Structures are given as structure tokens and as C-alpha cells.
Amino acid sequence: MLNNFFIEEHVKKALEEDIGFGDITTDYLTNEDDNMKCELNSRVEGILCGRTVFETVFKILSSDVKVKFYFKDGDSIKKGDKLAEIKGPARYILMGERVALNYIQRMSGIATETSKYQKAIGEHKAKIVDTRKTTPLFRAFEKYSVKIGGGSLHRFNLSDCAMIKDNHIKYAGSLTKAVEKLKQHISHAHKIEVECDTFEQVKEAVSCGADIIMLDNMTCEQMKSCVDYINGRAIVEASGNVNLASIYNIAATGVDIISSSAIVAKAPTLDLGLDCK
């Protein structure tokens, strides 16, 4: 999902932003032949994510910086774990420290939060999925992190799937008209999803052949009624007011998918530190 060329281009821009015209602190405190050894350590429990991106930061700065990881993406980590060892020119380790940590802390935080949500679903069939409420130009990294955390992915961008929301319905004149018009133009490979606020909209979405029906901000009782009515004629997605306290009861209604921006937008960064010897 994250190709090396994509990672490298993104990391180069991140380094350009952070270093600017030079790291004036490191440049004047170190010599070119100074070496150092550091450890990447975990301060908390979580799910590791972003190993390759972390390595790429130092690879771009200097091929002489060597990074050895003891865990892989998706591994559970605990407080005090030594995740990796970094050796090489002090100048480039110090220069890349912050950018490398920014990536791996953010990505591990999302993976950890996603894992909590998926586990909270318990024995039910529902899958937690992300949304398009992502950080601009960081979406690929955030979606990769969701996947590593055990979640599933919603559409990557606007060209992946046709999703009809309330403003689309108002513009088209009705839910049915919106679906009919889309069916005239979209590829056979694309699905049509409709956001529904009421049971009446759900009935209309089923009758006009929507592939996915999103139950938006409904109570669990309303969702259960809709799931029973749809009866497998469409994929059922629940969205709105999803949190760790509510997700089990939402899943118990029988929905297939539970989408939430919280696993990305509200995920705290995971506390990892680079400790130099």
C-alpha cells in the first residue's frame, strides 16, 4: 500500500520543511566524523506502525546511518520495549530524529486506536473502517496505519465509490433521481452508497438498488429495524456517534461496517522516544 517511491518523496518534503537551509544546532555542535548510537524505545503499550518510514528518513540523510528494528509493523509493544537501534554519523541522526519520530508516533497512534475499536466490537461481524476525515497529504500513511491496526478501509478518495449524501440528494431532487443518474454514468466496477437518516430513506435506497446503505446518526433500535428490513439486499454501514463505549452495541444490531473518523482524527500519538547513548 505504501510504495517505497511514495514514501521517499513524502519524506524528502518533510525533511525539507524541517531542516530548511540547515540544522544550525547540529551543524555547529558535531563534526562530520562523529558517530553515535541510539535506541528507539516505547514509553507505553500499543501497536507499532511506520517502521519503513522511520528507516527512510535516515536512509535519505545518509546511507551510513544503520537502523535495526526488533519489531515489525502490527506487533504489540509494551512500555520499556527496545524497538530499534540506530547507529551512524551523529549529525544525521540528530538531524532526522524529529521527522522520523513524527511519522512513527503518529502512525503507531492510529494503529493502536484502531485496534482498540476493532477489539471492542467483540464477537460481532462488523468491521471498523476509516473515513475521508484525514490530514491533507497524509492520507496514505493514515489509511495504512488503520489497516495495520486491524481495521478495514473505506474509499480512498472521491473516485473510488459514489457516495450520495444529503446535499447530493437535495441537489438531485430526490434520492432515487440521484441513484438513477449515477447508474447511467459510473463504471460497472464502482459501487453506489447512500447516506440515510430515516427508515423511509432506507426503503427508497433499497428500492432503487443502492449497493451500500449508510445508517447515519440513528439509534441502535432504528439501526436494528433497518438491518432487518434490508435483509442482505445491500451492505449496511453505521456511522455517527461512534466511540469505544458505543461500538459494541452498534455492532450488535447486525451492521456490516462501522465507520468512524475517531480512529484517525482523535488518535493520540504513541509515546516513543529516541534515547541516545
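Here the ratio of the Cα radius of gyration of the chain to 2.2 N^0.38 Å is 1.22. When the chain is treated as a GNM with alpha-carbon contacts under 10 Å, the residue of ASP197, ASP34, ASP75 showing the greatest mean-square fluctuation is ASP34.
Can you tell which of SER62, SER115, SER145 shows the greatest fluctuation in a Gaussian network model of the chain with Cα springs below 10 Å? Between SER62, SER115, SER145, it is SER62 that shows the largest mean-square fluctuation. Counting only alpha carbon atoms, the long axis of helix 220-230 and the longest principal axis of the chain meet at about 60°.
Computed on protein heavy atoms with a 1.4 Å probe, the accessible areas place SER260, SER174 in the order SER174, SER260, largest first.
ASP160 contributes about 70 Å² of solvent-accessible surface, heavy atoms of the protein only, 1.4 Å probe.
Give the angle, between 0 and 90 degrees and rounded to the nearest 10, that separates the Cα long axis of helix 4-19 from the longest principal axis of the Cα atoms of the chain. Between the helix axis and the principal axis of the chain, the angle is about 60 degrees. For the chain, a crude dipole built from +1 on the beta carbon of Lys and Arg and -1 on the beta carbon of Asp and Glu, taken about the Cα centre, is about 480 debye to the nearest 20. When the listed pairs LYS116/LYS170; LYS79/LYS133; LYS79/LYS191; LYS72/LYS224; LYS66/LYS147; LYS59/LYS143 are checked against a 32 Å cut-off, the alpha-carbon distance exceeds it for LYS116/LYS170; LYS79/LYS191; LYS72/LYS224.
Of LYS72, LYS79, LYS37, the order by accessible heavy-atom surface (1.4 Å probe, DNA, RNA and ligands excluded), from most exposed downward, is LYS79, LYS72, LYS37. Within the listed set ALA245, ALA126, ALA90, the Gaussian network model of the chain (springs between alpha-carbon atoms below 10 Å) gives the highest mean-square fluctuation for ALA245.
Normalising the average separation of contacting C-alpha pairs (under 8 angstrom, six or more residues apart) by the number of residues puts the relative contact order of segment 1-150 at 29 percent.
The antiparallel fraction among DSSP beta bridges confined to the chain stands at about 50%. Here is how the number arises for the chain: DSSP H runs of 4 or more residues each give -39500 (n - 2.57), the sum is divided by the residue count, and the result at 222 nm is -13000 deg cm²/dmol. Take every Cα pair under 8 Å whose residues are at least 6 apart in sequence, average their separation, divide by the length of the chain, and the relative contact order is 23 percent.
Ligands, DNA and RNA left out, the accessible area of segment 1-76 computed with a 1.4 Å probe is 48% carbon and sulfur. Projecting the Cα atoms of ILE235, TYR171, ILE257 onto the charge dipole of segment 146-277 (Cβ charges, centred on the Cα centre) puts TYR171 farthest toward the positive pole.
Put SER152, SER108 in order of accessible area, highest first, and with a 1.4 Å probe you get SER152, SER108.
By the beta carbon rule, with partners counted only under 4.7 Å, the chain holds these lone Cys residues: CYS49, CYS161, CYS196, CYS208, CYS220, CYS226.
Comparing HIS124, ILE7, HIS185 along the charge dipole axis of the chain, the residue lying farthest to the positive side is HIS124, per the Cβ-charge model.
The values are calculated or read from the model by the stated rules, or taken from the named source; none is laboratory data. Nothing here was measured: the structure is a model prediction, and the numbers come from that model. Here Cβ is always computed from backbone atoms with ideal geometry, including for glycine, and neighbour counts include all displayed protein chains. The accessibility values were calculated without ligands, DNA or RNA, using every heavy atom of the protein model including side chains. Shrake-Rupley method; radii C 1.70, N 1.55, O 1.52, S 1.80 Å.
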